[in-house]
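Asks: Dumping the structure here so I can ask a few things about it.
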Amino acid sequence: MLNVVGKNIRRVDAVAKVTGEPIFVADITLPNMLHAKVLRAGVPHARILSIDAGEAEKMPGVVKVATGGEKPLYFGACIIDQPVVAYDKVRHAGDPVAVVIADTVLHASEALKKIKVKYEELPYVLDPIEAMKDDAPLIHDKVQDYWYIPSCIFPVPDTNIFHHYKLRKGDREKGFKEADVTVESDFESPLINHAALEPHGAIARFDANMETLEMWASQQGPFILRDVVGRMFGMETSRIRVHSPMLGGGFGGKSDIAMEPIVAWAASFVPGYAVKLILTRQEVMTSTLLGRGMKGRMKLGAKKDGTLTGLEAEMYFASGPYGDTGVFVYTVGGHNCSGPYEIPNCHVDAYGVYTNNPPVGAFRGYGHPEGEMMVSRLLYQLAKKLDMPLEDLMKKNFLAPGRVNSVGQVMNQDMGDLPGCLDIARNAIYSEDLPREDDEYFYGRGFAAMFKSPKHAANASSTCEIHINNDGCAFVNLSGIEMGQGVYTVFTQMAAEVLQLPFEKVRVSDKVDTQHNPWEWMTVASLQTYRGGRAIQSAGSRILALGRTNACLVWHCEPESVSYENGVYTHINTGRTLSLGQLARGFMTDNAVTIGEPLQAVGWYRVADVEDPDPDTGMGNVASSWTFGAQACSLRVSKKTGKIDILHFASAFDIGKAINPMLVKGQVCGGVVQGIGGTLMEKVVFKDGAVRNTNFPGYRIPKFEDMPLKQSVFILETPNNLGPWSAKPVAEHPIVVVAPVIMNAVADATGIEFTSIPLTPDVVLSALNDTSSISTGC
């Protein structure tokens, strides 16, 4: 019987957030603080001929104008290919070329206008397929000469291809020879922006002797930032301290290292002073990280009875001019593009390609939406060709216990009930009457299934410290980052459950500081409940074992004679009791002799035996768990405008155990709306190689009127031996197949087989007016 886990408990930070109490990086002011502003290139590809900062340095309040040539440093976690500040050439229009450090933001901004830069402009390329051609402009002369992790990153020398992931399962020729029916198409998922509420920001301060560095950053991975900056400067990481205050949204955009090294680099010119940089919304759009950006092709084959026989795919990712932040997105996209289906023969090539758009990194879903859009759309078309109900085709090929996924892992019952998810989500939509086509609208319904694996480093761990205080309450310390998902609430629930304490008697630290918090890889891949929860269980069980040992020392008995329940140890023979609080600092007798040790413990969890994909086949034990789900929707399409309105969107996910069902439903609803944005409206637009829609509403994200008229969320809970109390990752999963669900519904409504997003009104209306785009099979 669970007391706290599985309950709808209000967020611990709810009141603080709605009253404006949390401190974000932008709110922090330090003594002797200066402000930085960055001059951006403004051109997508060019050699820097000269930089004249003479006039800028004379402007009021200016302390220093720093240029890349003064300290030509590079940074990166997996590929070190990015200069902190450009010094020989610029590779995208948002590249930094100079930094002004001044006493106020206004003075720094005014000085920027006085810097004169001369360029020799070079040809630029934004399309990843074009960038792979022999005559494409080389963005880096020798990609193979950069440092990179050789076990999992595979550049193609003297090209713009910095990574080529290959998946080779079975025999491609055999798979398509056995196929009675094939379908294939080209696809595109454009570059989009994370659009987090809080812009990126950081503060850095070296001590006067340049021996230590302290940073404050809106970052999902403070320990990774510490390591990257340490390597960049050649400093010991013990001399670097990183604070990660409350984040105002991330969605992956703050998991990679992007603008923070610029701030540390700038601070190195003014030791003893803090340097602060808060990006504008325009800089967030043009100069940090984008997401997605894939062009692809997929072919799918099946027998007459619907058995899938082969899959062939190419995926081309426009990664921007630096590969460090996107490289593993493309590996994941490649090995998961088969979706939640058993396909015996898979041949996939995924390419990370240098282009002259802003760099690309993690975005909610991390490579899964791009590939699963392709396979979900082709399954819809395949079902039409086979004259077979789509749900029957899907179920026939679903991964199930004993079946083998694309990377060679054998599925088991722990993975969840995918057919159940499909039935529930589909029934929620198809049990309702759908309006008939009228003069104004087409109406349609669609559905798709998904799976997602978390991508993380093989050594990625979560660590938890628990301290029991003398009043019996518990202090819990982890380094998972709160960025809107409610992780502090879930941590509190799990700690209260394992310690058998009331929720109100557990306090989780809401500060993350690499000097005082236990090590955590980073907050990504929807893993904090899963991995952090296991760390809490580990630390909590050690606390209870220590308490039992203390009680045994006091009572001079064996552990078997002591029971524990709800914060109290009981001697099963004498009935004597001792509370956690009484034992918290060791038990003090009447004459002040203290017995036992303080109740404080460290626990940790690392997913065992995760490995990098095999270099030749792309297969291996690359993921620790898989979460399955299905989604469906009904919608209408305006005949006059092409606008799509979502009437009802239903989601069903098997997440093992919902630690807090209310928070899970909130995550799902938010993920669906974000997915609707990517499907119907969001796209980064370029003019002359530079981002054109650099602010809202030019870059449109969903507003209240764009939300579904109704959302339904269903949680399935299949017990498993993986997560804490069976809990599995869920935060990113609601976004993975939103696009194909909507695209399938549009095909059902109009007969038009879209294969690229976003489905903006003008795109849809153009297709409606082009009768050749309407499929006769629908």
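Asks: Suppose we filter GLU198, GLU214 for residues that are open to solvent by 10 Å² or more (accessible area, probe 1.4 Å), charged (D, E, K, R) and part of a strand (DSSP E or B); which single one remains? Break it down stepwise before answering.
Replies: Details: GLU198 fails: part of a strand (DSSP E or B).
Only one candidate qualifies: GLU214.
Asks: Within segment 699-743, which residues are out of contact with any Cys (no Cβ under 9 Å at 6 or more places or on another chain), farther than 30 Å from TYR605 by Cβ and either at pLDDT below 95 or not in a loop (DSSP other than H, G, I, E, B) (or both)?
Replies: Passing the criteria: PHE704, GLU705, ASP706, LYS710, SER712, ALA739, PRO740, MET743.
Asks: What number goes with the only condition from (1) of a type in the set (Ser, Thr, Tyr); (2) in contact with a strand residue (DSSP E or B) (Cβ under 7 Å, 6 or more places away or on another chain); (3) buried (at least 17 other Cβ atoms within 10 Å of the Cβ) that TYR430 does not pass?
Replies: If we test TYR430 against (1) of a type in the set (Ser, Thr, Tyr); (2) in contact with a strand residue (DSSP E or B) (Cβ under 7 Å, 6 or more places away or on another chain); (3) buried (at least 17 other Cβ atoms within 10 Å of the Cβ), just (3) comes out false.
Asks: Identify all residues within segment 272-306 that are open to solvent by 20 Å² or more (accessible area, probe 1.4 Å) and of a type in the set (A, V, I, L, M, F, W, C); write none if there are none.
Replies: The answer is ILE278, and nothing else.
Asks: Checking LYS114 against (1) more than 30 Å from GLU342 (Cβ to Cβ); (2) surrounded by fewer than 14 Cβ atoms within 10 Å (Cβ to Cβ), only one condition comes out false. Which one?
Replies: Unmet for LYS114, out of (1) more than 30 Å from GLU342 (Cβ to Cβ); (2) surrounded by fewer than 14 Cβ atoms within 10 Å (Cβ to Cβ): (2).
Asks: Looking only at strands (runs of 3 or more DSSP E) that lie completely in segment 218-302, which have at least 2 residues being touching a Ser or Thr at 6+ places or on another chain (Cβ under 8 Å) and touching a residue at least 12 places away in the same chain (Cβ under 8 Å)? Spell out the reasoning first.
Replies: On the way: elements: 240-244, 274-278, 291-302.
In segment 218-302, the matching strands (runs of 3 or more DSSP E) lie at 240-244, 291-302.
Asks: How many of the residues in segment 387-422 are open to solvent by 50 Å² or more (accessible area, probe 1.4 Å) and of a type in the set (Gly, Ala, Ser)?
Replies: Matching residues across segment 387-422 total 1.
Asks: Go through segment 433-443 and give me each residue that's among the acidic types (Asp, Glu) and either outside any loop (DSSP other than H, G, I, E, B) or over 16 Å from ASP748 (Cα atoms) (or both).
Replies: The answer is ASP439, GLU440.
Asks: Right, another one. Out of the residues in segment 130-164 that are of a type in the set (Val, Ile, Thr) and either crowded, with 17+ Cβ neighbours inside 10 Å or under 19 Å from ALA46 (Cβ atoms) (or both), which is nearest to the chain's Cα centre (by Cα)?
Replies: Applying the first criterion (of a type in the set (Val, Ile, Thr)) to segment 130-164 yields 139, 143, 149, 153, 156, 159, 161.
The next check asks that each one be either crowded, with 17+ Cβ neighbours inside 10 Å or under 19 Å from ALA46 (Cβ atoms) (or both); those that pass are 139, 143, 153, 159, 161.
On the way: ILE139: 27, VAL143: 26, ILE153: 20, THR159: 28, ILE161: 23 Å.
Step by step, filter segment 130-164, then rank; the result is ILE153.
Asks: Kindly list the number of the only condition in (1) crowded, with 22+ Cβ neighbours inside 10 Å; (2) touching a helix residue (DSSP H, G or I) at 6+ places or on another chain (Cβ under 9 Å); (3) part of a helix (DSSP H, G or I) that fails for ALA749.
Replies: Of (1) crowded, with 22+ Cβ neighbours inside 10 Å; (2) touching a helix residue (DSSP H, G or I) at 6+ places or on another chain (Cβ under 9 Å); (3) part of a helix (DSSP H, G or I), only one is false for ALA749: (2).
Asks: In this structure, does GLU504 turn out to be assigned to a helix (DSSP H, G or I), at pLDDT 95 or above and either in contact with a strand residue (DSSP E or B) (Cβ under 8 Å, 6 or more places away or on another chain) or not hydrophobic (A, V, I, L, M, F, W, C) (or both)? I'd like the intermediate steps shown before the answer.
Replies: On the way: assigned to a helix (DSSP H, G or I): yes; at pLDDT 95 or above: yes; either in contact with a strand residue (DSSP E or B) (Cβ under 8 Å, 6 or more places away or on another chain) or not hydrophobic (A, V, I, L, M, F, W, C) (or both): yes.
It is true that GLU504 is assigned to a helix (DSSP H, G or I), at pLDDT 95 or above and either in contact with a strand residue (DSSP E or B) (Cβ under 8 Å, 6 or more places away or on another chain) or not hydrophobic (A, V, I, L, M, F, W, C) (or both).
Asks: Just checking, does segment 48-57 include any residue being open to solvent by less than 10 Å² (accessible area, probe 1.4 Å) and touching a residue at least 60 places away in the same chain (Cβ under 8 Å)?
Replies: Checked against the condition, which is being open to solvent by less than 10 Å² (accessible area, probe 1.4 Å) and touching a residue at least 60 places away in the same chain (Cβ under 8 Å), segment 48-57 yields no hits at all.
Asks: With ASP423, ASP414 as the choices, which residue is outside any loop (DSSP other than H, G, I, E, B) and at pLDDT below 95?
Replies: Within the list ASP423, ASP414, the selection yields ASP414.
Asks: Also, I was wondering about something else. So the check is Cβ under 7 Å with 6+ separation or different chains; which pairs have a first residue in segment 335-347 that's under 14 Å from PHE398 (Cα atoms) and open to solvent by 10 Å² or more (accessible area, probe 1.4 Å) and a second one that's among the small types (Gly, Ala, Ser) and part of a helix (DSSP H, G or I)?
Replies: From residues that are under 14 Å from PHE398 (Cα atoms) and open to solvent by 10 Å² or more (accessible area, probe 1.4 Å), the pairs are PRO344/GLY175.
Asks: Yes or no: VAL610 among the aliphatic types (A, V, I, L, M) and touching a Ser or Thr at 6+ places or on another chain (Cβ under 8 Å)? It would help to see each step written out before you state the result.
Replies: Working: among the aliphatic types (A, V, I, L, M): yes; touching a Ser or Thr at 6+ places or on another chain (Cβ under 8 Å): yes.
Here the answer is yes, as VAL610 does meet what is asked.
Asks: So which residues in segment 82-92 are in a loop (DSSP other than H, G, I, E, B) and either under 21 Å from MET235 (Cβ atoms) or open to solvent by 20 Å² or more (accessible area, probe 1.4 Å) (or both), if there are any at all?
Replies: The answer is VAL84, VAL85, TYR87, ASP88.
Asks: Which of the residues that make up segment 647-683 are closer than 17 Å to THR718 by Cβ and polar (S, T, N, Q)?
Replies: Once the filter is applied, which keeps residues that are closer than 17 Å to THR718 by Cβ and polar (S, T, N, Q), segment 647-683 yields only SER651.
Asks: Here is a further query. Tell me, which residue of segment 583-623 that is polar (S, T, N, Q) and free of Cβ contacts under 8 Å to residues at least 60 places away in the same chain is farthest from LEU167 (Cα to Cα)?
Replies: Checked segment 583-623; the qualifying residue farthest from LEU167 (Cα to Cα) is ASN591.
Asks: Kindly provide the set of residues from segment 693-706 that are open to solvent by 90 Å² or more (accessible area, probe 1.4 Å) and of a type in the set (A, V, I, L, M, F, W, C), ordered by number.
Replies: Passing the criteria: only PHE704.
Asks: When you scan segment 634-692, how many residues do you find that are buried (at least 24 other Cβ atoms within 10 Å of the Cβ) and in a loop (DSSP other than H, G, I, E, B)?
Replies: 6
Asks: Does segment 58-74 hold any residues that are open to solvent by 10 Å² or more (accessible area, probe 1.4 Å) and over 15 Å from GLU110 (Cα atoms), and which are they?
Replies: Scanning segment 58-74 gives THR67, GLY69, GLU70, LYS71, PRO72, LEU73, TYR74.
Asks: How do the pairs read when you match residues in segment 348-371 that are outside any loop (DSSP other than H, G, I, E, B) with residues anywhere that are open to solvent by less than 10 Å² (accessible area, probe 1.4 Å) and β-branched (Val, Ile, Thr), using Cβ under 6 Å and keeping only pairs 6 or more apart or on different chains?
Replies: GLY352/VAL327; HIS368/VAL736; PRO369/VAL736
The values are calculated or read from the model by the stated rules, or taken from the named source; none is laboratory data. Quick caveat: nothing in here was measured; it's all calculated off a predicted structure. Note that each Cβ is placed from the backbone with ideal geometry, even for glycine, and that neighbours are counted across all protein chains shown. Just the protein is used for accessible areas: all its heavy atoms, side chains included, with ligands, DNA and RNA removed. Shrake-Rupley method; radii C 1.70, N 1.55, O 1.52, S 1.80 Å.
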